[in-house]
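The values are calculated or read from the model by the stated rules, or taken from the named source; none is laboratory data. These numbers come from a predicted model, not from an experiment. Note that we place each Cβ from the backbone using ideal geometry, even for glycine, and neighbour counts take in every protein chain shown.
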Amino acid sequence: MSALAFVDRLKRHVVGESFVRRNPFYYERARRLLDRLEKASFEGRRAWTREQLVRTLTAARYAEYGRSTGAGVEIGSWPLLGKELLRDRLAMFTTGSEWFAAVANTGGTAGVPLKLVRSLDGIVFEQACIDRLIQGLDVSPRGVRTAIVRGDNLQDPRTLHSPDGVSANAGRSRIFCAHAVSPQNIERIAASLDHFKPQLLCAYPSALETLCRLLVERRHPLSIAAVLTSSEVLKPEGWALAQKVLGARICDYYGQSERIALAYAYAPREYRFLPGYSYVEFIPHVGLLPEGSPDRLYEIVGTSFWNSLMPLVRYRTGDLVRLPASWGAVELEELSLGLRSFPGILGREQEVMVCPSGVRLTGLDSIPDEVEHVLRIQIVQETLDSARIRVVPSEAFNDEDSARLLANVRSKLPGDVKLGIEVAQWLERTPRGKTPLIIHRPPVYEALKRAGIEPHRTQ
């Protein structure tokens, strides 16, 4: 067995919690750093971040990619890095061999699946960050009984097909696949959760919303003290639903498999970047906003601090944020250092519609704004001139809400696009169980690819 395969297997075992994810050589050091940066002022956070950035850029220059750019230890001397180059030339980005490393694969949410390599210090620092978020929910991360409803464990077919869940981590975790959360399975899932009595639920937001709606429909009470969500956008309506149904404290966080940036929130629309995780930049994005909007779109670009084996510099996430247009360099730096909050991630640059005229429309996840009783929407673009808006409603959704939603859509799309709104109990999911905002059908594939965008497919 190779060293990489050994580490990957060890991470999934209870022993891996102590010797890999919470390796004592790195873990306490990471915790102390996070504590110190949380208490630091703007000047203190800035000084540490700049010092760490120089160390990271120095290491990155030893990789073939770093040498090929001729870049130095000034961040502006490095070009922006796209996913396609990383996918096609993986070996260019590694700084050397490390006997203790782990292979990771992204889910390809942006249409570009990637293979990555992580060093031990990065694995441990990531765990220290997640543990910090869990502690913010008044739960101790060590030994907590955790139910997992995601799509990361599809390599185990038992997880995919079993509504009873699969035991892991010496019985301290129970894993369910997001695909299994359905009306046919809800009774068995609820019974399994009742029996397991989790203290923490880790879930995709869409899976959490579906679970809560089904529990309400079946009048099945369930109490879980804490919920940690990630990998999708958690809307305020979904947040309120989970609090009402489960009585839970909730933390939602934003991150990527590439470990480029991490932001978190303990209340809707109150996200902050975690200082010490990475160097974050905001690149202006040309996107369609309402005329006279006081805001501006930015793409998140990051430089990883905690992967000595594969440091990524100025990596384009494709994820967008909407910020006040009045903010200047100081405000953006304060945001990157966790000293300002922002409403959340709008979605990916790939979440676009292409109109008959060739215009690309982004920022469409604001369509439900000011429309009550909507948990989640999904736009299915059938052709260049037709789309369906699928709505997962709360109980009080009515014709007035539907009309307001349609008016919002009409205000963002050209008049030659035919639209329909349909109420749905479920939305389409990717093979990994995620629920994209926009689904593209084959008739629009070529137009998207000509624009350099991979379609979102679920079929």
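Any idea how many residues of the range 318-337 are at pLDDT 95 or above, in contact with a strand residue (DSSP E or B) (Cβ under 7 Å, 6 or more places away or on another chain) and not aliphatic (A, V, I, L, M)?
Residues meeting the conditions: 2.
For the range 49-91, which positions are in a helix (DSSP H, G or I), surrounded by 12 or more Cβ atoms within 10 Å (Cβ to Cβ), under 26 Å from the mean Cα position of the chain (by Cα) and of a type outside the set (D, E, K, R)?
Thr49, Gln52, Leu53, Thr56, Leu57, Ala60, Ile75, Leu85, Leu86, Leu90
For the structure I just gave you, tell me whether Val359 is over 18 Å from the mean Cα position of the chain (by Cα), at pLDDT below 80 and more than 22 Å from Leu427 (Cβ to Cβ). Explain how you work it out, then say what you get.
Details: over 18 Å from the mean Cα position of the chain (by Cα): yes; at pLDDT below 80: yes; more than 22 Å from Leu427 (Cβ to Cβ): yes.
Answer is yes for this residue.
For the range 376-394, give me the residue count where each residue is of a type in the set (D, E, K, R) and in contact (Cβ under 8 Å) with a residue 60 or more places away in the chain.
Residues of the range 376-394 that are of a type in the set (D, E, K, R), as a first pass: 376, 382, 385, 388, 390.
From the residues that got through so far, the ones that are in contact (Cβ under 8 Å) with a residue 60 or more places away in the chain too are 376, 382.
The total comes to 2.
Out of curiosity, is Ser366 modelled with pLDDT of 80 or more and polar (S, T, N, Q)?
Values: modelled with pLDDT of 80 or more: no; polar (S, T, N, Q): yes.
No.
If Arg249 meets every condition in (1) at pLDDT 95 or above; (2) buried (at least 23 other Cβ atoms within 10 Å of the Cβ) apart from one, which number is that one?
(2)
Identify all residues within the range 181-216 that are in contact with a helix residue (DSSP H, G or I) (Cβ under 8 Å, 6 or more places away or on another chain) and without any contact (Cβ under 8 Å) to a residue 12 or more places away in the chain; write none if there are none.
Within the range 181-216, no residue meets the criteria.
Looking only at residues that are part of a strand (DSSP E or B) and under 18 Å from the mean Cα position of the chain (by Cα) in the range 414-450, which one is surrounded by the fewest Cβ atoms within 10 Å (Cβ to Cβ)?
To start, the set of residues in the range 414-450 that are part of a strand (DSSP E or B) comprises 418-423, 438-440.
Now drop any that are not under 18 Å from the mean Cα position of the chain (by Cα), which leaves 438-439.
Numbers: Ile438: 22, Ile439: 24.
Filtering first and then ranking leaves Ile438.
Taking Leu37 as the residue in question, decide whether it is over 28 Å from Gly96 (Cα atoms) and either at pLDDT 65 or above or surrounded by 13 or more Cβ atoms within 10 Å (Cβ to Cβ) (or both).
On the way: over 28 Å from Gly96 (Cα atoms): yes; either at pLDDT 65 or above or surrounded by 13 or more Cβ atoms within 10 Å (Cβ to Cβ) (or both): yes.
Judged against the criteria, Leu37 is a match.
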